[in-house]
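Student: I'd like to ask you about the structure that follows.
Just so it is clear, none of the values below were taken in a lab; they were calculated from the coordinates. Worth saying up front: this structure is predicted, and the values here are computed from it rather than measured. Cβ: placed from backbone, ideal geometry, glycine included. Neighbour counts: every protein chain shown.
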Amino acid sequence: MRVENSFIGVDGVGEQTERSIWEQGVTHWDEFEPGVVGGKRGDRIQRFIEEGRDHLDAADVAYFDHQFPNSEQWRLYETFRDRACFFDIETTGLDEQRNQVTTVSLHQDGETETLVAGDDLTAGNLRAAFADADLLVTFNGKRFDVPFLEANFDIDLQRPHLDLMYTCKKIGLSGGLKQVEKDIGIERDRPDISGRDAVRLWREHESGRDGALETLVSYNREDTVNLRTLADEVTGSLHDDVFVR
DNA sequence: CAAGGAGTCCTCTGAGTGTA
DNA sequence: TACACTCAGAGGACTCCTTG
């Protein structure tokens, strides 16, 4: 589903109205004709499409993020997939006030980058890494990764953010990232490692154990890269559930 | 182990729309 | 124009549940 297939978010257009528009054969902005709804709605949709085209040309993710209801944020993904930044952090615990960030991995434009505490994990490098990230994609990142990073570094991550935890819930997938991956058949190199192990691996690294950091980094990167497969799968599945063709 | 975003379910209001 | 009906959308109270 691309944003050009969407009419929801226009004032006065909800789930049912959009479905009725689709069922009348209008599934794309290009096919819209005001007659498929009443006069006022028709005008508003027309205006939305005109404005929308400009914002689409400008790759203005924030505009559509603002237009769509929260529960329909997943619709941003296909259109702005190539501007997405998948990311995941590891920390020494769950408390953003007391614990510290150990590694941050970002996957964008097909490349994966990892910043490591005590080495290159700095506010400046984070700002640079997130500079072109127009759409954040995480798992539980709204509640964990973003507030944690903002609490520990002078960085602003307020921007469109697709948190796959809620997207997964929409299609009945719950139970954490590892469980969800298992449910949809995403393979892992090291299925034995968990977030808690990430805490232990960092401590081992600090006490000088060879290989601990490498394991932690590869775990963090795998988490991050898997987010892309997950996003593809889940938004595809929602598309099939929702879209009328 | 900390902590709050988002979903669910509910009610209520009023705008928008089609019909007569 | 009057009317009935459908929805959208907001607000409140509650619950759920994940991250290292």
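Student: Please sort by residue number the trypsin sites (Lys or Arg not before Pro) in the range A:148-202 whose DSSP state is loop and whose Cβ has at most 16 other Cβ atoms within 10 Å. Intermediate values should be presented prior to the final figure.
Tutor: On the way: sites: A:Lys169, A:Lys170, A:Lys178, A:Lys182, A:Arg188, A:Arg196, A:Arg200; in loops: A:Arg188.
Within the range A:148-202, the qualifying trypsin sites (Lys or Arg not before Pro) (loop, at most 16 other Cβ atoms within 10 Å) are A:Arg188.
Student: May I ask you to list the lysines whose Cα is less than 28 Å away from that of A:Lys178, ignoring any residue fewer than eight positions away on the same chain?
Tutor: A:Lys142, A:Lys169, A:Lys170
Student: Further question: What fraction of the DSSP beta bridges in chain A is antiparallel, stated in percent and rounded to the nearest 5?
Tutor: 65
Student: Once the piece of chain linking A:Arg196 and A:Gln46 is laid out straight, how much longer is it, given 0.36 nm per residue of separation minus the C-alpha distance between them? Before the final figure, lay out each step's value.
Tutor: Details: separation 150, 0.36 × 150 = 54.00 nm, distance 5.13 nm.
Roughly 48.9 nm would be gained on extension.
Student: For the range A:55-104, which trypsin sites (Lys or Arg not before Pro) pass both filters: DSSP loop (anything but H, G, I, E, B) and at most 15 other C-beta atoms within 10 Å?
Tutor: Within the range A:55-104, the qualifying trypsin sites (Lys or Arg not before Pro) (loop, at most 15 other Cβ atoms within 10 Å) are A:Arg98.
Student: What does a probe at A:Arg143 reach in the range A:165-196, counting residues whose amide N is under 11 Å from the point 7 Å along Cα→Cβ?
Tutor: A:165-166, A:175-176
Student: On a full-extension model of 0.36 nm per residue, what is the gain between A:Ala58 and A:Glu150, subtracting their alpha-carbon distance, rounded to one decimal in nm?
Tutor: Answer, rounded to one decimal: 30.4 nm.
Student: Order these by the 10 Å Cβ neighbour count, fewest first: A:Thr138, A:Thr79. Intermediate values should be presented prior to the final figure.
Tutor: Working: A:Thr138 26, A:Thr79 19.
Listing A:Thr138, A:Thr79 from fewest to most nearby Cβ atoms yields A:Thr79, A:Thr138.
Student: If you don't mind, there's one more thing I want to ask. By count of other Cβ within 10 Å, fewest leading, how are A:Val180, A:Val242 ordered? Could the numbers behind the result be given before it?
Tutor: Numbers: A:Val180 22, A:Val242 18.
The order, fewest Cβ neighbours first, is A:Val242, A:Val180.
Student: Then there's this: Going by amide H atoms built from the backbone, whose H comes under 5 Å of the H on A:Leu136, apart from near neighbours?
Tutor: Residues meeting the amide H criterion: A:Cys85, A:His161, A:Leu162.
Student: Now for a different question. Which order results if A:Leu121, A:Leu136 are arranged by neighbouring Cβ count within 10 Å, fewest first?
Tutor: Values: A:Leu121 20, A:Leu136 23.
Starting with the residue having the fewest Cβ neighbours, the order is A:Leu121, A:Leu136.
Student: Something else: Students often get this wrong: which residues of the range A:81-124 have the backbone nitrogen under 12 Å from the point 7 angstrom along Cα-to-C-beta of A:Arg2?
Tutor: Under 12 Å, as judged by backbone N against the label point of A:Arg2, lie A:81 of the range A:81-124.
Student: Report the extension gain between A:Gln158 and A:Val244 in nm, rounded to one decimal, defined as 0.36 nm multiplied by the number of residues separating them, less their alpha carbon distance. List each step's numbers first, then the result.
Tutor: Working: separation 86, 0.36 × 86 = 30.96 nm, distance 3.30 nm.
27.7 nm is the gain from fully extending A:Gln158 to A:Val244.
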